[in-house]
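In what follows, a single structure is set out as structure tokens and then discussed.
The values are calculated or read from the model by the stated rules, or taken from the named source; none is laboratory data. Since we're looking at a predicted model, the values are computed, not measured. We place every Cβ from the backbone using ideal geometry, glycine too, and count neighbours over all the protein chains shown.
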Amino acid sequence: MAPERDNFMKTQQEHLRHAGHNGEPVEVPHETGPPRKNFFSTLGPGLITGASDNDPSGIATYSQVGAQFGYGMLWTTILCLPLMTAVQEISARIGRVTGRGIAGNMRRYYPTWLLYPVVILLLVANTINIGADIAAMGAALKLLIGGPALLYSAGFAVLSLGLQILVPYSKYVGVLKWLTLALFAYVLTVFVVHVPWASALRHTVLPDTSSFLAPSHLTALIAILGTTISPYLIFWQASQEMEEADHTPGEENLTFAPEQAPEQFKRIRLDTRVGMTFAAIVFYFIVLTTAVTLHARGITDIQSSEQAAEALRPIAGRYVFWLFAAGIVGTGLLAVPVLAGSAAYAVGETMGWRACLERRPGAAKGFYSVIAVATLLGLALDFTHIDPIKALFWTAVINGVVAGPLLIVMMLMASNAKVMGEQFILPTRLKIWGWLATAVMIAASIGLFVTWGK
């Protein structure tokens, strides 16, 4: 706003305060920022991202770890929590400051030979993951009520697709936030089964270092890291901050509204910490539940989340089985839109399309086409003879390959004054944790190939 216009507006406001229609004083409210929010409404992108981290495929990974190693991998929650929190907070800051997602910033500041492979691999990995999650949801519902799992899977795919296309983001985000409550099913299971807490807590803070370099433990660690620090989560949260800034009254990206930075960074920090802590707690409790029940009885080979639920029924009782299976359905309904949406944001920004869940389908045809194709291709995989476990393994490999280079780019981007502006480059705290997460993910990727076939 030009200085002349500022002075004119101030003069007019002063005049109006002292001269109403009948000579009575009229008080004109000053311009204000975004309205104050309660705690739950403050939570958004960080909470949804953290909850979607525990999708049915993630539940399968954690169940495998708990069944195979018992309490032996509980310590990884302490390792992962600060790393995943830092990565997602950095992603959120990029989206809020620049008003663009990760792909949009890569397209603007980095070469296409780097952007295109990352986005293509993300699209492939997300599509496979969508297929695995939809299949797990159908199988879980079959466990609960009987009937044809494939038909249920198709229904879940259509439901998810319909909500994303027909419901505006401002309303749909509320549905996603409430779906995060499905994860409490895995919190409740721990209080139903008997847990020797002293032993569990000892293994959490004092890991058995003698087995660290064993191939099986290293593979499990890589799987956990690939699940908790995943490329699709990075793309999603940055894009959601962009959406929030565009469609929340009184809010803008910080390039145009730097005065909002203190409040927005505080909100992002709180939102991300709550979301990632919630994700880590659920991860911990799934590993703990399967360790106490399945591993303790010699059941160490779990290949899917629904198999874990079925195995729990005779051991832990019908209530735990029902909670575990119902949780798969709820988390799938949350995760599938995030997987499809993150792929669509990445492709849309790469191609220069309008990438926005708030727009009607007719105004963002390319964007919604990617959501539809990714979801329907994922569903189609469930009707083939492709082994879902092998498919998820390759998804983990792809995510591992993409995560390291993507984190390097993200860290350089968030520390670049041309991208973020001088005043919004990363503080030292986030630089340290972000580069540490990058180093850990690169080391994990190298470890994956070193232990390949062992």
The condition from (1) farther than 18 Å from Thr375 by Cβ; (2) assigned to a helix (DSSP H, G or I); (3) in contact with a helix residue (DSSP H, G or I) (Cβ under 8 Å, 6 or more places away or on another chain) that Trp113 misses is numbered (3)
So, Thr272, is that one closer than 27 Å to Ile134 by Cα, crowded, with 23+ Cβ neighbours inside 10 Å and hydroxyl-bearing (Ser, Thr, Tyr) or not?
yes
Of the residues in the range 420-454, those that are surrounded by 20 or more Cβ atoms within 10 Å (Cβ to Cβ), modelled with pLDDT of 90 or more and hydroxyl-bearing (Ser, Thr, Tyr) number 1
When restricted to Val192, Val158, Val167, the only residue out of contact with any Cys (no Cβ under 9 Å at 6 or more places or on another chain), farther than 30 Å from Ser239 by Cβ and surrounded by fewer than 16 Cβ atoms within 10 Å (Cβ to Cβ) is Val192
The residue from Asn416, Asn399 that alone is over 19 Å from the mean Cα position of the chain (by Cα) and of a type outside the set (Ser, Thr, Tyr) is Asn416
Kindly check whether there is at least one residue in the range 218-231 that is under 17 Å from the mean Cα position of the chain (by Cα) and in a loop (DSSP other than H, G, I, E, B).
yes
Counted residues in the range 371-385 being among the β-branched types (Val, Ile, Thr) and more than 19 Å from Leu334 (Cβ to Cβ) come to 2
Among Thr204, Thr248, Thr209, the single one that is more than 25 Å from Ile286 (Cβ to Cβ), out of contact with any Ser or Thr (no Cβ under 6 Å at 6 or more places or on another chain) and among the β-branched types (Val, Ile, Thr) is Thr248
Of (1) within 22 Å of Asn54 (Cα to Cα); (2) β-branched (Val, Ile, Thr); (3) touching a residue at least 40 places away in the same chain (Cβ under 8 Å), Val175 satisfies every one except (3)
Scanning the range 103-134 for residues that are out of contact with any Leu (no Cβ under 8 Å at 6 or more places or on another chain) and among the small types (Gly, Ala, Ser), the one modelled with the highest pLDDT turns out to be Gly104
Checked pairs for the range 282-308, first under 25 Å from Ala149 (Cα atoms) and hydrophobic (A, V, I, L, M, F, W, C), second outside any loop (DSSP other than H, G, I, E, B) and modelled with pLDDT under 80, C-beta under 6 Å and 6 or more apart or across chains, list as Ile286/Tyr186; Leu294/Ala311; Ile299/Ala311; Ile302/Ala308
Of the residues in the range 232-266 that are under 17 Å from the mean Cα position of the chain (by Cα) and of a type in the set (D, E, K, R), the one that is modelled with the highest pLDDT is Glu241
Asp301 vs (1) among the charged types (D, E, K, R); (2) over 21 Å from Arg96 (Cα atoms); (3) in a helix (DSSP H, G or I): all pass except (3)
(message) Residues that are more than 20 Å from the chain's Cα centre (by Cα) and at negative phi: does the range 169-186 have at least one?
(response) no
Only one of Phe235, Phe265 is part of a helix (DSSP H, G or I), surrounded by fewer than 20 Cβ atoms within 10 Å (Cβ to Cβ) and either among the aromatic types (Phe, Trp, Tyr) or in contact with a strand residue (DSSP E or B) (Cβ under 9 Å, 6 or more places away or on another chain) (or both), namely Phe265
Matching residues in the range 116-154 (assigned to a loop (DSSP other than H, G, I, E, B) and crowded, with 24+ Cβ neighbours inside 10 Å) number 0
Here the residues within the range 82-105 that are within 19 Å of Thr277 (Cα to Cα) and out of contact with any Ser or Thr (no Cβ under 7 Å at 6 or more places or on another chain) are Pro82, Leu83, Ala86, Val87, Ile90, Ser91, Arg93
message: Please determine whether any residue of the range 358-377 is at pLDDT below 85 and under 21 Å from the mean Cα position of the chain (by Cα).
response: yes
Of the candidates Leu144, Leu188, Leu151, the one satisfying the condition of being out of contact with any strand residue (DSSP E or B) (no Cβ under 6 Å at 6 or more places or on another chain), at pLDDT 90 or above and farther than 29 Å from Met410 by Cβ is Leu151
Contact list, first residue from the range 255-280 and basic (Lys, Arg), second anywhere and at pLDDT 95 or above, beta-carbon distance below 6 Å, six or more apart or interchain, is Arg273/Thr85
